[in-house]
1. Could the peptides 438-450, 138-150, 169-181 be put in order, highest first, of the mean number of other beta-carbon atoms found within 10 Å of their residues?
2. If you plug each phi of region 111-119 into the Karplus form 6.51 cos²θ - 1.76 cosθ + 1.60 with θ = phi - 60°, what whole-Hz ³J(HN,Hα) values come out, in order, with x for Gly and Pro?
3. Using the Karplus equation 6.51 cos²θ - 1.76 cosθ + 1.60 (θ = phi - 60°), what ³J(HN,Hα) coupling, rounded to whole Hz, does each residue of region 305-310 give in order, writing x for Gly and Pro?
4. Quickly work out the residue 352-to-residue 77 label distance, labels modelled 7 Å from Cα along the C-beta direction, and quote it in nm with one decimal.
5. Quick one: 3J(HN,Hα) in Hz for region 39-49, Karplus 6.51/-1.76/1.60 with θ = phi - 60°, rounded, Gly and Pro as x.
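Bear in mind that the values in this text are calculations on the coordinates, not laboratory data. None of these values were measured; they are calculated from a predicted model. Glycine also receives a Cβ, built like all others from the backbone with ideal geometry; neighbour counts cover every protein chain displayed.
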Amino acid sequence: MERRGAKRKDSGPSMQTPKRAPWSCVETGTSSGSNVCARHSRLLDIYCCTDEQIICALCASAEHTGHTIGYVREERRRKQADLRDIQTKSKQILQEQDKKCKNMVKTLKQIQEEGRETQDYCESVLVSIIDSLQRHYMSVRELVRGHEKEAAAQVQSSLQTLQVKMEEMKKRDAELDRLAQTDSDVHFFQDWPSMQRLCKKDHLHHLHEASEDPLLPFEITKTAVNQLGKQLEEFCDRKFASLSQTVADGGEQQESEEESEDDDMQQRCEASNTQSHGLSGVNNMTEHNVEPKSRAEFLQYACCLSLDPTTAHEDLVISAGDKVVRLSPSEFKSQAVRCPQRFIYRRQVLCREGLQAERCYYEIEVEGDKAEIALAYKGIDRKSFTQRSAFGANANSWSLDRAANYSVSHRAESIQLKTCPSQRRLGVYLNFKEGALSFYEVSDRMMFLYKVEAEFTEPLYPGFWLGAKCCISICDLTPDGL
């Protein structure tokens with residue numbers, strides 16, 4: 001038997017007994033809350049810390065040899081101090097969670113208000129644009145509703161979880177108060193171990209809080225729509241202002257003015273882009289002399305790519321040894337449906353290979369009118385229906401958009417190029433170390449389209465977005481495939 005603060009003395013062979021009897025005084029003497037040992041009729045004034053039992057002195061010497069023991073009153077004072085600490089921490093946690101609950105209720109109200117305000121704001125901007133753009137209003141309205149629904153659902157879920165947790169904490173807190181006020185030492189020590197474990201478990205777990213501002217999508221939507229409205233209004237103003245002069249000067253003058261206007265627009269886009277996030281346009285004359293020029297020189301840096309089916313949207317089908325992707329018929333679904341890495345809302349797919357060599361080059365062939373040829377960081381969002389998942393619409397991706405004209409996008413900022421698609425085959429050249437990404441049309445010569453300058457911080461994964469009736473093939477650039 002070992003008391004707190006004292007060394008255990010050897011009791012000799014005659015004092016050796018089993019460490020734990022199949023029964024003890026606490027099992028028979030405390031069932032009715034009595035303070036007297038049922039076996040020895042002695043006062044239960046000893047507490048065995050090892051077995052967490054309240055016992056008498058005879059039980060301690062006979063059955064608890066070698067255990068850490070102390071007097072009940074002393075141990076009660078120690079446990080009472082621990083209980084007060086737990087009560088204090090429990091009340092602090094409850095106060096913090098009550099504050100979080102109020103903030104979430106406030107945020108939920110703000111989400112609803114911002115949703116209505118954003119819808120009204122978008123409407124006020126879009127109704128000022130020509131009637132042919134009215135059909136786009138419903139898509140914008142649905143987008144805002146989606147933001148509101150998604151954000152409200154997230155906060156509502158967190159709020160419900162927090163409220164349930166608070167109810168549990170309130171019940172636990174009431175039990176702690178009851179335990180603290182009990183006069184029976186026996187009842188106290190019977191309930192103490194389980195209460196202590198539950199309280200420690202509560203203190204180790206914290207509610208997960210959303211890292212993103214739930215109101216941010218509304219601000220992004222309003223900013224994007226406002227910018228679109230200004231650009232379209234300026235474009236219409238210029239067109240209508242020059243209409244009478246164009247008609248007077250005839251078709252030849254009209255063509256000249258349109259070309260001049262396109263040149264001005266291209267120059268403004270390129271000038272403003274030098275101040276944007278990571279995009280910097282240059283023409284053929286600005287390329288460094290050490291960079292490859294002929295296709296043969298580019299092919300020296302050819303890399304082997306393959307599509308990753310686990311990232312493909314469910315409407316995409318991968319074939320030809322993971323080299324070809326196309327939109328699937330409506331009755332079929334991709335095997336990537338079950339893969340957590342796939343894109344949920346965007347018809348996009350990534351390659352398996354991340355590019356970070358000093359120089360890399362690959363070619364693809366596009367069938368169809370609309371497609372996006374992109375490079376993205378592995379961590380690009382794949383679950384959101386917002387711009388966070390769209391190639392070229394966030395900080396994690398760069399995209400060459402192929403439609404009636406080419407354009408280059410990054411962080412939702414697009415630079416429109418005058419070049420119209422004339423070749424199915426496109427070349428992509430990446431100088432990772434220098435932070436340069438160039439796009440080309442490939443035929444019997446390399447026709448330069450655009451060069452992006454940025455600081456790449458991690459491997460870039462080639463990716464593609466497919467429009468209707470589109471098919472993209474990764475070209476084999478090995479000697480046998482050329």
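1. Details: 438-450: 17.8, 138-150: 15.6, 169-181: 13.8.
By packing density, highest mean first, the sequence is 438-450, 138-150, 169-181.
2. Karplus values, whole Hz, x for Gly and Pro: 4, 5, 5, 5, x, 5, 5, 5, 4.
3. Couplings: 10, 8, 6, 9, x, 5 Hz.
4. Here the answer is 7.1 nm between the modelled labels.
5. 7, 10, 6, 10, 5, 7, 10, 10, 10, 8, 5
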